[in-house]
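These notes concern the structure reproduced below.
The values are calculated or read from the model by the stated rules, or taken from the named source; none is laboratory data. All of these numbers come straight from a predicted model, not from anything done at the bench. Because the Cβ atoms are built from the backbone with ideal geometry, glycine has one as well, and the counts that use them run over all protein chains shown.
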Amino acid sequence: MSETAERREIESVVDVNSPIRPILPDTKIIKIGGQSIMDRGKSALFPLVQEIAECAKRFPVLLGTGGGTRARHAYQIGLDLEVPTGVMARVGGAVPRQNARMLQMLLARDGGIFIVFDDFEKLPLYFRLGCIPIMSGMPPHEYWEKPSKGTRIPANRTDAGVFLAAEALGAPTAFFAKDEKGLFTDDPKKNPNAKFIPKIHVDELGARDLDDLVIERSVLKYLKRTKSCKQVHIFNALEPGNLRKALEGEHVGTIIYA
């Protein structure tokens, strides 16, 4: 207690490798893509909503929403207006909140409820009541978002927020529902010769230094540090049954692990 947390030798005084007690390790934490799922409208979302409702009868499910095209538009305006990173994060967080509220309404009959970050301590009660909590995937950094080198766009966006929620709750896997099979060597929408990567260690992925990724780069940075959430499972949620298979432990897309 007499030490400063900034001293270089603090690790020799504090047991940083002590085990962590998982809070809600059975929770299935799923990121619902903004551009990949929400922006596609009912043709993509309605079948997935039905599948989520069915899965929530078997597993405690927590959903986090992305921002998509409207968030990208907001970032572009923010760049043009030369606002700082913290303001960009505040503005960009509005769209995933809108998506979370829309998703909550679509799941209302099945127990969908909209939650804010302060509701985390209520999750055990929500799950006991059969609810499906839905939140914005954006982490609550807002004005306190750290500046990134070379850009004012926040590094911690909705992928990072959902992943960090999984780590906080002690879930071993964070699930990402996208419109692609998973990770490729390049954007398959632009490059038909891009090769699919079914499973890869986070260090190997970093060494490849790919030009484009299906997940935010900040998630890979955090994956190296986490104690509980040791992998992300990215899959194509437009294919019926993939969500259920992924939650059951079947490998249906790309797994990035630490």
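State whether the residues of the range 175-188 include one that is in contact (Cβ under 8 Å) with a residue 60 or more places away in the chain and more than 15 Å from T254 (Cα to Cα). Checked against the condition, which is being in contact (Cβ under 8 Å) with a residue 60 or more places away in the chain and more than 15 Å from T254 (Cα to Cα), the range 175-188 yields no hits at all. Set side by side, the residues P96, P84, P22 differ, and just one is in contact (Cβ under 8 Å) with a residue 12 or more places away in the chain and closer than 23 Å to K230 by Cα, which is P22. Checking each residue in the range 234-258 for being of a type outside the set (V, I, T), in contact with a strand residue (DSSP E or B) (Cβ under 6 Å, 6 or more places away or on another chain) and crowded, with 23+ Cβ neighbours inside 10 Å picks out A237, A246, G253. Which condition from (1) without any contact (Cβ under 8 Å) to a residue 60 or more places away in the chain; (2) under 18 Å from the mean Cα position of the chain (by Cα) is the one that I132 breaks? Of the numbered conditions (1) without any contact (Cβ under 8 Å) to a residue 60 or more places away in the chain; (2) under 18 Å from the mean Cα position of the chain (by Cα), the odd one out for I132 is (1).
Summed over the range 225-254, residues that are out of contact with any helix residue (DSSP H, G or I) (no Cβ under 8 Å at 6 or more places or on another chain), of a type in the set (V, I, T) and touching a residue at least 60 places away in the same chain (Cβ under 8 Å) total 1. Any residue that is in contact with a Cys (Cβ under 8 Å, 6 or more places away or on another chain) and touching a residue at least 24 places away in the same chain (Cβ under 8 Å) - is there at least one of those in the range 154-163? Checked the range 154-163: at least one residue is in contact with a Cys (Cβ under 8 Å, 6 or more places away or on another chain) and touching a residue at least 24 places away in the same chain (Cβ under 8 Å). None of R101, R97 is in contact with a strand residue (DSSP E or B) (Cβ under 7 Å, 6 or more places away or on another chain), under 18 Å from D159 (Cβ atoms) and surrounded by fewer than 18 Cβ atoms within 10 Å (Cβ to Cβ) except R97.
Screening A44 on (1) surrounded by 15 or more Cβ atoms within 10 Å (Cβ to Cβ); (2) touching a helix residue (DSSP H, G or I) at 6+ places or on another chain (Cβ under 9 Å); (3) within 26 Å of A168 (Cβ to Cβ); (4) among the hydrophobic types (A, V, I, L, M, F, W, C) shows it passes everything except condition (3).
Just one of the numbered conditions (1) on the phi < 0 side of the Ramachandran plot; (2) at pLDDT 95 or above; (3) under 19 Å from the mean Cα position of the chain (by Cα) is not true of G170; which one? Among (1) on the phi < 0 side of the Ramachandran plot; (2) at pLDDT 95 or above; (3) under 19 Å from the mean Cα position of the chain (by Cα), the lone unmet condition for G170 is (1).
Of all residue pairs spaced 6 or more apart or on separate chains, those with beta-carbon atoms under 6 Å, a first member in the range 208-224 that is crowded, with 17+ Cβ neighbours inside 10 Å and charged (D, E, K, R) and a second member that is modelled with pLDDT of 90 or more and not in a helix (DSSP H, G or I) are E216/R157.
Test G170 against the stated conditions and say whether it is farther than 27 Å from P47 by Cβ, touching a residue at least 60 places away in the same chain (Cβ under 8 Å) and surrounded by fewer than 19 Cβ atoms within 10 Å (Cβ to Cβ). Spelling it out, G170 is indeed farther than 27 Å from P47 by Cβ, touching a residue at least 60 places away in the same chain (Cβ under 8 Å) and surrounded by fewer than 19 Cβ atoms within 10 Å (Cβ to Cβ).
The set of residues in the range 106-129 that are touching a helix residue (DSSP H, G or I) at 6+ places or on another chain (Cβ under 9 Å), closer than 14 Å to P60 by Cα and not aliphatic (A, V, I, L, M) comprises D110, G111, G112, F120, Y126.
Matching residues to (1) in contact with a Gly (Cβ under 6 Å, 6 or more places away or on another chain); (2) of a type in the set (S, T, Y); (3) closer than 20 Å to K178 by Cβ; (4) at pLDDT 95 or above:
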position	(1), (2), (3), (4)
R8	no, no, no, no
L24	no, no, no, yes
M38	yes, no, yes, yes
F59	no, no, yes, yes
G66	yes, no, yes, yes
R101	no, no, no, yes
G112	no, no, no, yes
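Looking across the range 41-87, the residues that are outside any helix (DSSP H, G or I), more than 21 Å from L107 (Cβ to Cβ) and not β-branched (V, I, T) come down to E82, P84.
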